[in-house]
Each structure stands twice: as structure tokens, then as C-alpha cells.
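Asker: Starting off with a structure, shown below.
Where a number appears in this text, it was derived from the coordinates with a stated rule and is not lab data. Because the structure is predicted, anything quoted here is derived from the model rather than measured. Cβ placement follows ideal geometry from the backbone for every residue including glycine, while neighbour counts extend to all protein chains displayed.
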Amino acid sequence: MRYTIMHDLMNYHKFDLQLNKDDIACSVWNNLSKTANPSSNDLPERVLDEAHQLARVKAVCKTMKIIKTTDRQVFLEGGQALTSSLLVCLAGPAQSLFLAICTLGDLIDKRVDEYNRRGLAAHAYFLDVAGTCLIESAGRKLVKQVKNKFNSAGYKTTIPLGPGHSYWKNFIDQQIIYDLLNPKDLGVKILSSGMMLPKKTLSLVMGIGHELPPSKENHCHYCGIGHKCPLSRALRPAK
């Protein structure tokens, strides 16, 4: 007997993250580390430790039934539609969509602002980059947990995708995902532009089904920015 997907049930997650310098081996971090003042060459490591202390990783997620798909849209039970040709390509044959919003909270944002006010630009920039790497890692950890859960129950999952990237330009969908998950209890709000606050917050969507098309390793391979993005994982194995 196959596991039955529980649709519309809200799930909340909290977990800790521990990254080292190798985990955030992006060009921005590496270049800044090389050019750091010799008197403060331990700054990157100190700021990374601070980011760990400030991060409060929380996530909310739910699974929704797919009603139909077109060449550009995936329609969910309730009438909402997400518009992305890549989402249709990878998740069109799926039975359900998994949606999640994950955040680190606002302590990193506040500390970055504090460093900038004090004129500590390097501290602010390193902390901002570390926070970005932490929220990306949090998303990957959540995805791994969810994939393991559904895979063990006999389902396949797509790679995670999200609005705001070149392959998913309809940023209005960010509002749709926000409304479906209602992450106010996580302290997350959304601006009219579609940007979510705290800044270290992301949304992701995955298709769930029995027969899904093959895909590349991660969403960076589909991004138009390509290797110009300092955080691109297209050349690095997924962790």
C-alpha cells in the first residue's frame, strides 16, 4: 500500500546549522578572505561563528494537490496557479506540490545594520554573505529531510525551485506562496515588491509524484546568471 500524501496540513520545523569555511566556498567569500587586513585575518571565521549564534532557523511547509497544468502554469487545489515553464516541465506530471518558506530570523539583519552604522563595512559584508550561505544551507537541509520522507514512502521529488530566479520570473507567485503558507508566526512578512523580510528568508517548491522527468542536479543549472553568480552551485556538488 502506498503512503497517502496529507494535503494542506501545515508543518513547522526548527533545526540547527553548522557550516565551516569550506561550506561557503563562494567567490565573494574567498576574495574577501584573501584581501582581508593581515591584522584581522581571522575576521571571516569570527563572523561565521557570529552568524551561527544569531541564526534562528525556522520553516513552515505544506503539500497541495495539483489539479491541472498548462504549458506555463501549475494549478493547485483551491484555484491558485504558479507560473513557471520550468516548474511545469519538471513538476507537471507530479500529483502534488510541496511548498515551504524558511527563515533565519531578523537578528543577522539587525547586526549587519549595526555594523554599517559603526562603519565596519567588512564585518557587515562578511556577516551578510555568511547569512546568505546559512539560509541556502537551511533550505537544502529541509529539502533533504522532505525528500527522504517522500522517497521512503515510494514517491519521487523534483529539485527545489523558487520565484525570483531567471527561470521563474513571475515574482507575484511569491505572494501566492506566502498567502498559502502564512508564515507570520515565523516573523516573516512580505513587501508589495514580493521581497520577504527578514532578508535571510527563502521560499521553495518541489513536485511530488511517481513518474517525474529527469533534471539537472540543482536549480543553479537552470539559472540565466550562470557561473557569474558568486553563490552558484552549478560547478559544485550538492551538500
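Asker: What ³J(HN,Hα) values, in whole Hz, does the Karplus curve 6.51 cos²θ - 1.76 cosθ + 1.60 give for region 170-179 when θ = phi - 60°, with x put for Gly and Pro?
Answerer: Rounded to whole hertz, the list is 6, 6, 4, 4, 4, 5, 4, 4, 4, 5.
Asker: Distance in nm between label sites at S85 and D42, each 7 Å beyond Cα in the beta-carbon direction?
Answerer: 5.3 nm
Asker: If packing is taken as the average number of other Cβ atoms within 10 Å across a peptide's residues, how do 118-130, 144-156 rank, most packed first?
Answerer: Those peptides, ordered most packed to least, come out 118-130, 144-156.
Asker: In nanometres, what is the gap between the two model label sites at Q53 and N11, each 7 Å from Cα along Cα-to-Cβ?
Answerer: 3.3 nm
Asker: Distance in nm between label sites at Q175 and S192, each 7 Å beyond Cα in the beta-carbon direction?
Answerer: With each label point 7 Å from Cα toward Cβ, the separation is 1.0 nm.
Asker: From the phi of every residue in region 43-50, what ³J(HN,Hα) in whole Hz does the Karplus formula 6.51 cos²θ - 1.76 cosθ + 1.60 yield, where θ is phi - 60° and glycine or proline is x?
Answerer: Result, ordered by residue: 4, x, 5, 5, 5, 5, 4, 5 Hz.
Asker: Exceeding 25 Å between C-alpha atoms, which entries from my cross-link table qualify? They are K14/K68; K62/K141; K110/K149; K68/K200; K62/K147.
Answerer: K14/K68; K110/K149; K68/K200
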